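The values are calculated or read from the model by the stated rules, or taken from the named source; none is laboratory data. Keep in mind that what you see is a predicted model, and the values were worked out from it rather than measured. Glycine also receives a Cβ, built like all others from the backbone with ideal geometry; neighbour counts cover every protein chain displayed. These accessible areas exclude ligands, DNA and RNA; they are computed on the full protein's heavy atoms, side chains included. Shrake-Rupley method; radii C 1.70, N 1.55, O 1.52, S 1.80 Å.
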Amino acid sequence: MIVAKRKPFDEIDNMLKGYKKVLNVGCGTCVALCLAGGEKEVEILNSEIDMARKLAGDPITIEGITIERQCDREYLEALDSKVEEYQAILSMACGVGVQFLAERFPQIPVFPAVDTSGLSANQAVGWYEERCRACSSCVLGLTGGICPVTMCAKGLYNGPCGGTNQGSCEIDKNQPCAWYMIYERLSNQGRLDNILAITPPMDWQNQVPRTLIQPGYKKPEDVS
Amino acid sequence: MKSGSNLEKVLTAGHFALTGELGPPRGTSAEDVKKKASHLKGMVDAVNITDNQTAMVRMASWAASLLIMEEGLEPNYQMVCRDRNRLAMQADILGAYALGIRNMLCLSGDHQKFGDHPTAKGVFDIDSMQLIGMVKKMRDENKFLSGADLEESPKMFIGAAANPFAEPFEWRVHRLAKKIHAGVDFIQTQCIYNMDKFRKWISQANDMGLTEKVYILAGVTPMKSVGMARYMKNNVPGMDVPDEIINRLRGAGKGKIAAEGIKIACEQIEEFKQMKGVAGVHLMAIEWEHKVPEIAEQAKMLPRPQL
């Protein structure tokens, strides 16, 4: 899932300076699961903002609503009749949600309340580890199901480099070396041939905004 | 001859090569480069010019390479994948060749986290393996990486690094084989302190026939102090410093540790001269360039062949 981390309070407070009536929109899917921007987090953040502004002698009206997904028009519709009464919108969704919200309500400033930080797996409650950089050219079949783009600090395609340190990455003893793991796994599976051959330079696909249209579908002429 | 560089001539003529290393300054002083170079003149066959080493910003490697050429030394122009994408790399290779640079060392580069701009965006558009292949393609096929034609190819003598010590050890000789397959002409190894492990690695390389396809220069860095040895052991990733080295330095006694470090290095060089599969030594006297004449002399590596 997409994971995110709430921004430091001061940064959020600073973005909302000058606005007296703000709607904080939570997102009920990925960011709710990773405890960053669901209904509960909207409530907590709103109380913090409310209290801080009262203390600063600059009270604010801040209200909250959490919709199922901010990256889906179907759910954004619920906001259409609401937003006009607010001077600004705070979004606790990932970067996709924030942009989709801003696109739908171009006349109102939309501010992000979280930093989107990756496509991650849930290791335990509150503990998420990045596993994918969405590069559009998956090599996991070659690398034993371990992503070198995400897990190798240098994103090497022909590792391990000389910096691997008894199975750790050179950047941090607590960070396992992706290529060490790839080597071990392929070795155990008898598939080292995969990495004996040189992997040629990547044709990077993620250097322009990517649009995905599945087979059998097409882009509607008008997507209002 | 692939490049006609002095280093290539020395190696193909069968001489035991000696290369040195020079780190460009963190500033604009050409004098600083020239002063360091003056210690190396006549002592080594080529000098590695590091590229933002340890991810600290320094004078550009090509620029310092030109400065030492003015002093009559031959550079081994280092290029890391951390700071440039394939466009910038190819442009720099063309420019470096146009200005007379004939040797290149292709490296991944230390992670930017170690340096003075730890939050910089690391490029790593291609990796060191792919960089080797790119330079070879430019040199031998007159093609850019994209496949487009290039006019007057850069005839570089292509080098790369090898670390015989990093885990998994069994993989290391295969990584060497990959670099040879990618097109490398010579290899300079990580600083060697664990001679047992190095002997094992080179004998694997001999058994696989790799040392007939590539010139291997054994990396030697004399220890200046016990502190340096400890630092290298504990803080430099991929470095293997056995305790016996540290104990030997400590045992040398006050005021004699640096001399002991040099003595160890010279003993290593003696062994490398005899070792099957080793074609030379890469002497990295880190911030100790002025000691190179003494070390080269003591290791009986002088005079250098004039070809």
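Some values worked out for this structure:
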quantity	calculated
Output for region B:126-145, where each listed residue is under 22 Å from the mean Cα position of the chain (by Cα) and within 10 Å of chain A (Cβ to nearest Cβ)	B:ILE126, B:ASP127, B:SER128, B:MET129, B:GLN130, B:LEU131, B:ILE132, B:GLY133, B:MET134
Candidate set: region A:148-161, residues that are in a loop (DSSP other than H, G, I, E, B) and either away from chain B (no Cβ under 14 Å) or touching a helix residue (DSSP H, G or I) at 6+ places or on another chain (Cβ under 7 Å) (or both); chosen: the one surrounded by the most Cβ atoms within 10 Å (Cβ to Cβ)	A:PRO160
Residues of region B:172-183 satisfying the condition of being at the interface with chain A (Cβ under 7 Å from one of its Cβ atoms) and either open to solvent by 10 Å² or more (accessible area, probe 1.4 Å) or of a type in the set (A, V, I, L, M, F, W, C) (or both)	B:HIS174, B:HIS181, B:ALA182
Helices (runs of 4 or more DSSP H) contained entirely in region A:4-101, each with at least 2 residues that are among the small types (Gly, Ala, Ser)	A:39-55
Extreme residue, farthest from A:PRO209 (Cα to Cα), among residues of region A:111-145 that are more than 14 Å from every other protein chain (Cβ to nearest Cβ), of a type in the set (Val, Ile, Thr) and buried (at least 16 other Cβ atoms within 10 Å of the Cβ)	A:VAL114
Sole residue being hydrophobic (A, V, I, L, M, F, W, C) and at the interface with chain A (Cβ under 8 Å from one of its Cβ atoms), chosen from B:ALA96, B:ALA162, B:ALA148	B:ALA162
Residue identified as within 23 Å of A:CYS71 (Cβ to Cβ), at pLDDT 95 or above and not assigned by TED's automatic domain parsing to the domain that holds A:ALA32 among A:CYS152, A:CYS138, A:CYS147	A:CYS138
Boolean, B:THR119 is outside any helix (DSSP H, G or I), among the hydroxyl-bearing types (Ser, Thr, Tyr) and surrounded by fewer than 22 Cβ atoms within 10 Å (Cβ to Cβ)	yes
Those residues of region B:208-234 which are within 19 Å of the chain's Cα centre (by Cα) and farther than 27 Å from B:GLY183 by Cβ, in sequence order	B:THR221, B:PRO222, B:MET223, B:MET232
Matching entry among A:ALA93, A:ALA134, A:ALA113 (being touching a Cys at 6+ places or on another chain (Cβ under 6 Å) and touching a residue at least 24 places away in the same chain (Cβ under 8 Å))	A:ALA93
Failed condition for B:GLN204, given (1) crowded, with 23+ Cβ neighbours inside 10 Å; (2) more than 14 Å from chain A (Cβ to nearest Cβ); (3) among the polar types (S, T, N, Q)	(1)
Those residues of region A:105-147 which are farther than 28 Å from A:TYR75 by Cβ and in contact with a helix residue (DSSP H, G or I) (Cβ under 8 Å, 6 or more places away or on another chain), in sequence order	A:CYS135, A:VAL139, A:LEU142, A:THR143, A:GLY144, A:GLY145, A:ILE146, A:CYS147
Residue tally, condition within 14 Å of chain A (Cβ to nearest Cβ) and among the polar types (S, T, N, Q), over region B:207-244	2
Qualifying residue in region B:63-84 (condition: surrounded by fewer than 19 Cβ atoms within 10 Å (Cβ to Cβ) and in contact with a Phe, Trp or Tyr (Cβ under 9 Å, 6 or more places away or on another chain))	no
Options B:PHE198, B:PHE165, B:PHE186, B:PHE169: the member that is buried (at least 19 other Cβ atoms within 10 Å of the Cβ), free of Cβ contacts under 8 Å to residues at least 40 places away in the same chain and within 30 Å of B:ILE262 (Cα to Cα)	B:PHE198
Members of region A:63-110 found to be of a type in the set (Asp, Glu) and open to solvent by 80 Å² or more (accessible area, probe 1.4 Å), listed by number	A:GLU68, A:GLU74, A:GLU77, A:GLU84, A:GLU85, A:GLU103
Filter result (without any contact (Cβ under 8 Å) to a residue 24 or more places away in the chain and among the aromatic types (Phe, Trp, Tyr)) within region A:194-217	A:TYR217
Matching strands (runs of 3 or more DSSP E) fully within region B:7-100 where at least 3 residues are touching a residue at least 24 places away in the same chain (Cβ under 8 Å) and over 25 Å from B:LYS143 (Cα atoms)	B:17-22, B:46-49
Among (1) facing chain B (nearest Cβ under 8 Å); (2) within 19 Å of B:HIS181 (Cα to Cα); (3) open to solvent by 10 Å² or more (accessible area, probe 1.4 Å) - the single one A:GLU170 does not satisfy	(2)
Qualifying residue in region A:173-190 (condition: more than 10 Å from chain B (Cβ to nearest Cβ), surrounded by fewer than 18 Cβ atoms within 10 Å (Cβ to Cβ) and either among the basic types (Lys, Arg) or closer than 18 Å to B:GLN130 by Cβ (or both))	yes
